[in-house]
1. Might you let me know whether segment 119-133 holds any residue that is in contact (Cβ under 8 Å) with a residue 24 or more places away in the chain, closer than 25 Å to residue 75 by Cα, outside the structural domain of residue 354 (by TED's automatic domain parsing) and part of a strand (DSSP E or B)?
2. Go through segment 114-132 and give me each residue that's surrounded by fewer than 19 Cβ atoms within 10 Å (Cβ to Cβ) and touching a strand residue (DSSP E or B) at 6+ places or on another chain (Cβ under 7 Å).
3. Can you tell me how many residues in segment 134-175 are more than 26 Å from the chain's Cα centre (by Cα) and either in the same structural domain as residue 256 (by TED's automatic domain parsing) or in a helix (DSSP H, G or I) (or both)?
4. Can you confirm whether residue 381 is over 15 Å from the mean Cα position of the chain (by Cα), part of a loop (DSSP other than H, G, I, E, B), without any contact (Cβ under 8 Å) to a residue 12 or more places away in the chain and surrounded by fewer than 20 Cβ atoms within 10 Å (Cβ to Cβ)?
5. I'd like to verify a number: residues in segment 75-105 that are touching a helix residue (DSSP H, G or I) at 6+ places or on another chain (Cβ under 8 Å) and either assigned to a strand (DSSP E or B) or more than 19 Å from residue 41 (Cα to Cα) (or both), how many?
6. Failed condition for residue 281, given (1) over 19 Å from residue 379 (Cα atoms); (2) out of contact with any helix residue (DSSP H, G or I) (no Cβ under 7 Å at 6 or more places or on another chain); (3) in a helix (DSSP H, G or I), with all others met?
7. Would you call residue 318 closer than 18 Å to residue 199 by Cα and outside the structural domain of residue 113 (by TED's automatic domain parsing)?
8. Is it true that some residue in segment 362-376 is in contact (Cβ under 8 Å) with a residue 40 or more places away in the chain, surrounded by fewer than 18 Cβ atoms within 10 Å (Cβ to Cβ) and in contact with a strand residue (DSSP E or B) (Cβ under 9 Å, 6 or more places away or on another chain)?
């Protein structure tokens, strides 16, 4: 299960950080009467009964007119948070509501659930509520964050508005109870020593919860693992870079997919990614491809996004232009790209990936992901995952 991301938005000095501390019952964020104390987003993971794991994000305030270059950077970071926010708490603390209402409208347009909170700092809550009702058709919760008054009402609203799609399966309906599932997991230099990477761990846990029989091996042990089984696996899941090797060795009756393909549906939009992969055939040596990694890491010699996929593209199209970005460095202007290839996004929540897909769609730029792109480039047929 991925955590539900809850962003806290509001004007400078509206009490967002105080509210975060009240919601988490901890002094997570620095609180000060000085405006603009919060500059970078503050993250706090916790559990909320009725939702499960959540990630609270305290954002830099808007509405500050001083130090404009710095404020523009703060707003840019706040907009990045908005792209990954499943639910937004928008805090009002004075009667100047216009900018907050604008943020509320923008977040709703991004299909983000919003919760309107009036922080009664100056005993003017009634006037603020009256103005908000003329602008927004939303429930309004009045609290005093400093005194922790009515904080429970926010928790109840969060539970009520929690996104229902957070329980999408990784493996969907590809497996049933007692199925044998074989995981082929290359342990190359990209895998941290002594550990499995996150998609592998999450997939194994889900398969065990579904009461499947899980067999794991490295690429070099495929033949021996298959020989040790008394029947062919129902499903084989491999790392995308091992697609071709596994495809050539797998039993005919075994379905095949990859961790990256599974996460294409789990974190994003599988149909869009499949359609995006078809556009690979129309690329030329003059095309420009954007490769987007969700996490930042020191690239190594076998890096899939920076080395292997670019090499596959160049083998097919010649000296094609490839740009690689990582983390939050996703370009605002996508118009110069002919294709976007995104990683499996194990470090992003689904809302963040969907926001990038929507951005690509608005610019009419095809988008696919690592596993689907590799399979297409290698001519490998895989089994699509269906959400249950």
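1. Initial filter on segment 119-133 (in contact (Cβ under 8 Å) with a residue 24 or more places away in the chain): 119-122, 124, 127-128, 131-132.
In the following step, the residues that additionally are closer than 25 Å to residue 75 by Cα were identified as 119-121, 128, 131-132.
Narrowing further to those that are outside the structural domain of residue 354 (by TED's automatic domain parsing): 119-121, 128, 131-132.
Among the residues that remain, those that are also part of a strand (DSSP E or B) are: 119.
Yes, the conditions are met somewhere in segment 119-133.
2. Those that are surrounded by fewer than 19 Cβ atoms within 10 Å (Cβ to Cβ) and touching a strand residue (DSSP E or B) at 6+ places or on another chain (Cβ under 7 Å): 125, 129.
3. Pass one, segment 134-175, residues more than 26 Å from the chain's Cα centre (by Cα): 134-153.
Pick out the ones that are also either in the same structural domain as residue 256 (by TED's automatic domain parsing) or in a helix (DSSP H, G or I) (or both) and you get 151-153.
Counting residues in segment 134-175 that are more than 26 Å from the chain's Cα centre (by Cα) and either in the same structural domain as residue 256 (by TED's automatic domain parsing) or in a helix (DSSP H, G or I) (or both) gives 3.
4. On the way: over 15 Å from the mean Cα position of the chain (by Cα): yes; part of a loop (DSSP other than H, G, I, E, B): yes; without any contact (Cβ under 8 Å) to a residue 12 or more places away in the chain: no; surrounded by fewer than 20 Cβ atoms within 10 Å (Cβ to Cβ): yes.
Answer is no for this residue.
5. 11
6. (1)
7. Numbers: closer than 18 Å to residue 199 by Cα: no; outside the structural domain of residue 113 (by TED's automatic domain parsing): yes.
When the stated conditions are applied, residue 318 does not pass them.
8. Scanning segment 362-376, I find no residue that is in contact (Cβ under 8 Å) with a residue 40 or more places away in the chain, surrounded by fewer than 18 Cβ atoms within 10 Å (Cβ to Cβ) and in contact with a strand residue (DSSP E or B) (Cβ under 9 Å, 6 or more places away or on another chain), so the answer is no.
The values are calculated or read from the model by the stated rules, or taken from the named source; none is laboratory data. Worth saying up front: this structure is predicted, and the values here are computed from it rather than measured. Glycine also receives a Cβ, built like all others from the backbone with ideal geometry; neighbour counts cover every protein chain displayed.
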